[in-house]
1. Rounded to the nearest 0.05, what FRET efficiency do LYS88 and ASP58 have when you use their Cβ-Cβ distance and R0 = 51 Å?
2. Based on the Cβ-Cβ distance from LEU133 to THR105, what FRET efficiency comes out when R0 is 22 Å, to the nearest 0.05?
3. Looking at the chain, send over the antiparallel percent of its DSSP beta bridges, to the nearest 5.
4. Could you pull out every residue, at least 5 positions away or on a different chain, whose amide H is within less than 5 Å of the one on SER47? Hs are placed 1.01 Å off N in the peptide plane, and Pro or chain starts have none.
5. Please give, to one decimal in nm, the separation of the simple spin-label points placed at GLU210 and THR29, each 7 Å out from Cα toward the Cβ.
6. With Rg and Dmax of the Cα atoms in Å as the read-out, I listed (i) 21.5, 61; (ii) 20.7, 64; (iii) 22.0, 72; which label goes with the value calculated from this structure?
7. For the chain, take the longest principal axis of its alpha carbons; what is the angle in degrees between that and the long axis of helix 232-241, to the nearest 10 within 0 to 90?
8. Tilt of helix 142-151 relative to the longest C-alpha principal axis of the chain, in degrees (0 to 90, nearest 10)?
Amino acid sequence: MKSGKAVGPDDILVEVWKCLGEAGVEFLTSLFNRVLESERMPEEWRSVLVPIFKNNGDVQSCSNYRGIKLMRHTMKLWERVVEARLRKVVEICEQQYGFMPRKSTTDAIFALRILMEKYRDGQRELHCVFVDLEKVYDRVPREELWYCMRKSGVAEKYVRVVQDMYERSRTVVRCAVGQTEEFKVEVGLHQGSALSPFLFAMVMDQLSEEVRQESPWTMMFADDIVICSESRRGGGRWREEE
């Protein structure tokens, strides 16, 4: 993990673990092995702090404010371990360019540009539907996440480990006048989580399977999607059904 990151509710910097060196590695290895064996993480990790920041625009509009979840760095390190193991067993489709190693927006733009040029040179029709899923992180149903994990071939033990991360999770919001009482968030992926991007890629991979079969040139970058079809009906029908 990079240095200089904001601290979570425990006020422990990630630099602390780096300074501990080999002793820190041994401690974390022992801790994470116990968490994996028991499938239960410490209760302290379930509390998340969310400071509120204002974007540009009308101060009266809630959409111009955003919250960033500050999680404990120890929890994030545990998530990195789980993510590394999930990536070894889960194969995400080639059409997904977001959160994937050695892929970027540049690759997706280049692929789309080459596709358009080939169709133009061949004087063939190509229809593209651009889809932007709004605030999708906050709207992913948890049951859908468990279903997509199992369908992707994730071992049941790791499904339970991830479920435990979401079990009894509590959030505190901090604003200009102070902090709220703790409350539960029972839908969506954890914002600020090191594991959430890959979980989201897994969900999108499963939910887009039928679309990709009908339109093989579909491309995705996280929640931004472009559906390419030789007929206007191909992409349009999917859009109308959604």
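What follows draws every value from the coordinates through simple rules; no lab data is involved. Remember, predicted model here, so these are calculated numbers, not experimental data. Every residue, glycine as well, gets a Cβ built from its backbone with ideal geometry; the counts of neighbours run over all protein chains shown.
1. So the FRET efficiency works out to roughly 0.65.
2. 0.85
3. Of the beta bridges lying entirely in the chain, close to 75 percent run antiparallel.
4. Amide H to amide H, under 5 Å and 5 or more residues apart or across chains, SER47 pairs with ARG170.
5. 4.8
6. Here Rg and Dmax of the Cα atoms in Å agrees with entry (ii).
7. For helix 232-241, the angle is close to 40 degrees.
8. The answer is roughly 70 degrees.
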